[in-house]
Amino acid sequence: QVTLVESGGGLVQPGGSLTHSCAASSSGSFVTMAAMGWYRQAPGNQRELVATETMGGTLTYADSVKGRFTVSHDNAKNTVRLQMNNLKPEDTAIYYCNAVRLIGNKNIWGRGTQVTVSS
């Protein structure tokens, strides 16, 4: 079984920066991920894609974070980082790490971590 372990996040003032990281931990052999990235969900909203990177290096960003967030997926280590700069109050949400297994396209989700942007 694979578990996504998240770290980072927290409370930051508008304009500040945070780094989120996630690592896929397997109880058995290495599990190749087709993609890893981040989704987020704010109160009253549906979960939305923030940023992902495939194992081939294809990047996808939500329009609202382009130019401010950077995602980086390390295929060999099964890790993904999200560098968040120039944070805005509207970025406040629970951020969920996501991974998609190469074989079977199974989605794996982290438990979520809170990011709060406030003065």
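Given a 1.4 Å probe and every protein chain left where it sits, what share in percent of the accessible area of the stretch 1-74 is carbon and sulfur? Walk me through the numbers before you get to the answer.
Values: 1860 of 3880 Å².
C and S atoms contribute 48 percent here.
Can you list residues from other chains, or at least 5 along the same chain, whose modelled amide H is less than 5 Å from the amide H of Arg47?
none
Need the full-extension length gain, Thr3 to Gln46, defined as separation in residues times 0.36 nm minus the C-alpha distance. One decimal, nm. Each step should come with its number before you reach the end.
Details: separation 43, 0.36 × 43 = 15.48 nm, distance 2.30 nm.
The Thr3-Gln46 span can extend by a further 13.2 nm.
According to a simple spin-label model (label point 7 Å from Cα along Cα-to-Cβ), what is the distance in nm between Arg111 and Met55?
Taking the two extended label points, one gets 2.8 nm.
If amide hydrogens are placed 1.01 Å from N in the peptide plane, which non-local residues have theirs closer than 5 Å to the one on Met55?
Amide H neighbours of Met55, under 5 Å, 5+ apart: Ala35.
Please quote Rg/Rh for the stretch 51-119 to two decimal places, taking the Kirkwood radius as Rh and restricting both calculations to Cα atoms.
Details: Rg = 13.1 Å, Rh = 13.3 Å.
The Rg/Rh ratio comes out at 0.99.
Near Val50, within a Cβ-to-Cβ distance under 14 Å, what is the net charge of the other residues, with Lys and Arg +1 and Asp and Glu -1? Before the final figure, lay out each step's value.
Details: positive: Arg40, Arg47, Lys66, Arg68, Arg81, Lys88; negative: Glu6, Glu48, Glu53, Asp63, Glu90, Asp91.
Within the 14 Å Cβ shell, the charges total 0.
For the chain, calculate the relative contact order in percent as a whole number, restricting contacts to Cα pairs under 8 Å that are 6 or more residues apart. It would help to have the intermediate numbers written out before the result.
Working: 302 pairs, mean separation 42.3, N = 119.
Here the relative contact order equals 36 percent.
Counting pairwise Cα distances across the chain, what percent come out greater than 20 angstrom? Numbers along the way, then the final one.
Details: 2569 of 7021 pairs.
The proportion of pairs with Cα distances above 20 Å equals 37 percent.
Accessible area per residue of the stretch 1-75 at 1.4 Å probe, in Å²?
Working: 3940 Å² over 75 residues.
Solvent-accessible surface per residue comes out at 53 Å².
If you add up the charges near Val117, with Lys and Arg at +1 and Asp and Glu at -1, over every other residue whose beta carbon is less than 10 angstrom from its beta carbon, what do you get? The partial results should precede the final answer.
Values: positive: Lys88; negative: Glu90, Asp91.
Its environment carries a net charge of -1.
Any lysines with Cα under 16 Å of the Lys66 Cα? List them, leaving off those in the same chain fewer than 8 positions away.
The qualifying lysines are Lys88.
The values are calculated or read from the model by the stated rules, or taken from the named source; none is laboratory data. Since we're looking at a predicted model, the values are computed, not measured. No Cβ is skipped: glycine too gets one built from the backbone with ideal geometry, and neighbour counts run over all protein chains shown. Ligands, DNA and RNA are stripped out before the accessible areas are found, and what is left, the full protein with its side chains, is counted by its heavy atoms. Shrake-Rupley method; radii C 1.70, N 1.55, O 1.52, S 1.80 Å.
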